[in-house]
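What follows is one structure encoded as structure tokens, with my remarks underneath.
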């Protein structure tokens, strides 16, 4: 275990508290003997100091208020004394487990191509931080300053990493703040299906703010299925950075199913010709929850297709946010971009805010987006009921059909099954 | 008269036309037949001035004027008309507006007075009746939502209105049923006369039962390999292009 | 109608693609001193012999403006504007107050004639006969209010409209003659502190048009205002207020031009529309301010706040705009759909060529039940132009049964320009239905070739295809304007191909 002494007191709230913590921890964080990492952490801290937590006056944060984060104080994670906390059933044959942000070798499958980042920092100079950026992304800057551990996945040319579950468990028995950093590098022709799962155990508020960096080389293919199943008082703020080289693919699906406040940001750059990205997702937002899916897709090379379908279902007093920006650079001729976001409102107290956005500087492009917002179709509901299906079940069927339509886009069976399982029955649990 | 001498053209560095020699005297209809990939469509696009083809040699003149030096619209104004194999859709552009704009542009180029809306409509309706076209085709967007047959009829209608002196029909028969084929053929035959000539490009002999050509040329691998009277088409139908290739 | 035919002829005569309305009228002008302070606000108010309440209203706006910041969120860029380096009042030297057309300075009448806007009523009537391709039934004449720099110089057909109880005059005149109406509605849709430019306008607005259509009256002719910026270093800050009382119907047209100058001039107008129960207002704009030259030198900054309130049940406000001019356009004609079953519409064509920038769109705020809105936006970018659609559809919890449909298409011509789409959808009502569609495309090579094969020049072909692209919007314009708008589109695109 990492030799971080217990630090039980809550720090002061807001950005100052996090900066204060950096000052206290900097000499003890992993990689303290690596000058390049020290300066990277310093740069992260300086950038966060300058930016602070975003306010709603920042255009990208118009619909998501970090008030609950700024007002509360968060403490350190404790070194786990016993690891006997119940884990969810594995979603894939091979699983690696992080408890409170730290790698847990005894719970992890040794055959999985995943290692602890903290123990291999000497290998990642020039890789760590090469895809992520700090400017305009204060949470990434904060993560660089404070990360302790995370997964390191580094696949050789042509290597097939198979299907791997990366489970991050948060013991939510006290208000902790976690900033894990995960690095994924695929050499040319490599393949990986990564099921990244955030799982909260306990009722306390906490902050789980991972940053993931993906470097996808030519002809490499990564499927990134994300299951956000944080605890009911958890705050989940994750940031994914991915860059994709020629003919590579970054194929992702985000499922927001937990947390009180969740925002997942993805910054994906199609950097090589004929590379592709799928940024699909579904948000299940129940009473008292706020979920936000925000993506920035940069078409920086010609002949790249991108696809995005995001579906949001809202129940109770809840709010869902979708923001998707597609930026097509002048060089990115023959871009084929498609974006669709659909929302289903199930309650009078729910709100959906949707902002699809196209920014186009190349002329030979085919880009379109669509958005629909509405309630369940009464005619469909009636049709089902007229065939003898009770109303609650009919509703549930229609809601699941709406959501599973998005999940169907995930090609890998294991990943699709994990996502489908989380989706099915959501409404019945909600309505119960 | 259309006169093509030693015409060579390539697309993206690949030579498609490898020295075409062809004369179509005014008043005659010539057919060009050939297998797929022989350069038939390229010939029609090169003559009408589509971009993307590089002329690497030879010449093409129409009534003594150098076609290859002209912009597509200038070629149109000299009387050259291309009936497209795949007529293009123009969403939002009304067919009537399109036809009138084209007609008036060509009339202007010839120094003739332009037609006002009433004159145009009268003319268009007359021609449409002759082609058994429903009048609502004038109101629809150009070729938008038209069936294959309707698109081809629309091409013939344009030809009837613009009255070209040289019509190039690029596989106008592809995808047409026999009734539509007859309408197209009737349209061309109605134009027939001492001042009209036509180059009918086709893969099959079928169309030539309705538009009987004065001469038939066989285009293979970018060259005219054989020429003859209408009987050549029948011969090809019976023995196939392979027989020509062997000869 | 000659107003239009003449304009078209003028426009059609263009061969080089230069701006046709770039001439300057030599006329004796009266200016307020340069710069902006409380004294200038007082000067303008005094010049117009305004009542105390209006001066107080202006001063309050000015106080607000001083505390506000220029907005920087639109996707446009321009050098810092020096608000002290402009004239806020410029008017042709003439005696005050309303007058008959015969008294208008002939130089001004010539100016408007040259612009294709005859102010003489008989000239307009003469156009009814022999109107070429027009349908057999007689055309409606158009009543025109002509605003020259800071003041309204003439309004035609006032008497005839007066017989129906319709008030159509300059807003300065309305302040004198109908203060109760002005006081009731001014600032009721766009409050003084609404935004930076609206606050500026509220402090220094000099003139504009005022329309009141009484209960149950269907306005018998198109009403129109023609805005002309002539003087150097002046801003134009007009204020238009249109009120359609219960069951009233009106269609209003707005046109604008300015001379070619190598300085940037500011046009910061405010337009407020109020529709009561069962009333309907159709507001059409063909905006052709000087766009600057191909290097982006000069041109009008068109920073305008336009908003309509559908206060009454079943009321309807429809905005149609064709934006071809200005170096920078920043405007979002909006509808507040307050009355149950009210309807808002926004149809827009915005074209940017050379170095023009446009950030335009709409806001549809659904408050009442069963309110419906439609947005159709067509953006065309050419040259180095940047074109942004920015729109908000907001559905409040009580707007049950609300519907919105948005169609937002961009066309790019060339690879140096940009097309951007930024829709905001905020829905808090379960029974509302919102649909948004957006596409981006360019003119396909085969479409161009097809047209050229039929004898059209490349520019004509582009014009034809662009007009086809804009059809859904152009068909919303009154017919005379639609023809003019088509020609304008073509001219705006000159030099963009080949």
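The values are calculated or read from the model by the stated rules, or taken from the named source; none is laboratory data. All values derive from a computational prediction rather than experimental measurement. Methodologically, a virtual Cβ is constructed for each residue, glycine included, from the backbone with ideal geometry; neighbour enumeration extends over all protein chains shown.
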Discussion item. I'm checking my understanding of the structure. Among residues of the stretch A:327-348 that are more than 8 Å from chain C (Cβ to nearest Cβ) and touching a residue at least 40 places away in the same chain (Cβ under 8 Å), which one is farthest from the chain's Cα centre (by Cα)?
Written reply: A:332
Item to complete: Having 3 or more residues that are modelled with pLDDT of 85 or more, touching a strand residue (DSSP E or B) at 6+ places or on another chain (Cβ under 8 Å) and more than 27 Å from residue C:378 (Cβ to Cβ) is the bar; report the helices (runs of 4 or more DSSP H) wholly within the stretch B:92-162 that clear it.
Response: B:148-162
Worksheet item: Looking at (1) in contact with a helix residue (DSSP H, G or I) (Cβ under 8 Å, 6 or more places away or on another chain); (2) at pLDDT 95 or above, which is the one condition that is false for residue C:409?
Response: (2)
Discussion item. Can you tell me which residue is modelled with the lowest pLDDT among those in the stretch C:440-471 that are farther than 19 Å from residue B:74 by Cβ and away from chain B (no Cβ under 11 Å)?
Written reply: C:442
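For the subset of the stretch C:410-428 comprising residues that are outside any strand (DSSP E or B), in contact (Cβ under 8 Å) with a residue 12 or more places away in the chain and surrounded by fewer than 24 Cβ atoms within 10 Å (Cβ to Cβ), which member is farthest from the other protein chains (Cβ to nearest Cβ)?
Filtering the stretch C:410-428 for residues outside any strand (DSSP E or B) gives C:414-417, C:428.
Among the residues that remain, those that are also in contact (Cβ under 8 Å) with a residue 12 or more places away in the chain are: C:414, C:416-417, C:428.
Next, only the ones that are surrounded by fewer than 24 Cβ atoms within 10 Å (Cβ to Cβ) stay: C:414, C:416, C:428.
Numbers: C:414: 6, C:416: 8, C:428: 4 Å.
The qualifying residue farthest from the other protein chains (Cβ to nearest Cβ) is C:416.
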Worksheet, complete the sentence: Checked C:327, C:348, C:400 against criteria (under 29 Å from residue A:318 (Cα atoms) and touching a residue at least 12 places away in the same chain (Cβ under 8 Å)); the one match is C:400
Item to complete: Could you list all residues from the stretch B:210-231 that are in contact (Cβ under 8 Å) with a residue 24 or more places away in the chain and not in a loop (DSSP other than H, G, I, E, B)?
Response: B:215, B:216, B:217, B:218, B:219, B:220, B:223, B:224
Fill in: So residue B:166, is it closer than 29 Å to residue B:25 by Cβ and within 22 Å of the chain's Cα centre (by Cα)
yes
Discussion item. Looking only at residues that are outside any loop (DSSP other than H, G, I, E, B) and surrounded by 18 or more Cβ atoms within 10 Å (Cβ to Cβ) in the stretch A:61-83, which one is modelled with the highest pLDDT?
Written reply: A:61
Response to the item:
Across the stretch A:167-190, the tally of residues that are more than 17 Å from the chain's Cα centre (by Cα) and either buried (at least 24 other Cβ atoms within 10 Å of the Cβ) or not assigned by TED's automatic domain parsing to the domain that holds residue A:221 (or both) stands at 2
Worksheet item: Do you know which of the residues in the stretch B:6-57 that are part of a loop (DSSP other than H, G, I, E, B) and within 14 Å of chain C (Cβ to nearest Cβ) is surrounded by the most Cβ atoms within 10 Å (Cβ to Cβ)?
Response: B:49
Discussion item. Return the residues of the stretch B:104-118 that are under 20 Å from the mean Cα position of the chain (by Cα) and under 13 Å from residue C:464 (Cβ atoms); say none if nothing qualifies.
Written reply: B:105
Item to complete: Answer yes if at least one residue in the stretch A:278-286 is under 19 Å from residue C:434 (Cα atoms) and either free of Cβ contacts under 8 Å to residues at least 12 places away in the same chain or out of contact with any helix residue (DSSP H, G or I) (no Cβ under 8 Å at 6 or more places or on another chain) (or both), and no otherwise.
Response: yes
Discussion item. Scan the stretch C:479-486 and tell me whether some residue there is part of a helix (DSSP H, G or I), free of Cβ contacts under 8 Å to residues at least 40 places away in the same chain and touching a strand residue (DSSP E or B) at 6+ places or on another chain (Cβ under 7 Å).
Written reply: no
Worksheet entry | From A:360, A:399, residue being at the interface with chain C (Cβ under 10 Å from one of its Cβ atoms) and within 31 Å of the chain's Cα centre (by Cα) | A:360
Response to the item:
Of (1) closer than 19 Å to residue B:98 by Cα; (2) in contact with a strand residue (DSSP E or B) (Cβ under 9 Å, 6 or more places away or on another chain), residue B:171 satisfies every one except (1)
Worksheet entry | Filter pass, residue A:151 being touching a helix residue (DSSP H, G or I) at 6+ places or on another chain (Cβ under 9 Å) and surrounded by 24 or more Cβ atoms within 10 Å (Cβ to Cβ) | no
Discussion item. On the basis of being in contact with a strand residue (DSSP E or B) (Cβ under 8 Å, 6 or more places away or on another chain), at pLDDT below 80 and in a strand (DSSP E or B), does residue C:255 make the cut?
Written reply: yes
Discussion item. If I go through the stretch B:145-168 residue by residue, how many of them are more than 23 Å from residue B:122 (Cα to Cα) and away from chain C (no Cβ under 13 Å)?
Written reply: 4
Worksheet item: Which ones in the stretch A:191-224 are assigned to a strand (DSSP E or B), under 22 Å from residue A:86 (Cβ atoms) and under 12 Å from the mean Cα position of the chain (by Cα)?
Response: A:195, A:196, A:197, A:198, A:208
Worksheet entry | From the options C:179, C:191, residue that is more than 21 Å from the chain's Cα centre (by Cα) and modelled with pLDDT of 90 or more | C:179
Worksheet, complete the sentence: Those residues of the stretch B:163-208 that are within 19 Å of residue B:89 (Cβ to Cβ) and either out of contact with any helix residue (DSSP H, G or I) (no Cβ under 9 Å at 6 or more places or on another chain) or part of a helix (DSSP H, G or I) (or both) come to a total of 1
Worksheet item: Which one of C:289, C:319 is outside any strand (DSSP E or B) and surrounded by 24 or more Cβ atoms within 10 Å (Cβ to Cβ)?
Response: C:289
Response to the item:
Selection from the stretch B:101-132 of residues touching a residue at least 24 places away in the same chain (Cβ under 8 Å) and either crowded, with 22+ Cβ neighbours inside 10 Å or within 9 Å of chain C (Cβ to nearest Cβ) (or both) yields B:102, B:103, B:105, B:106, B:109, B:124
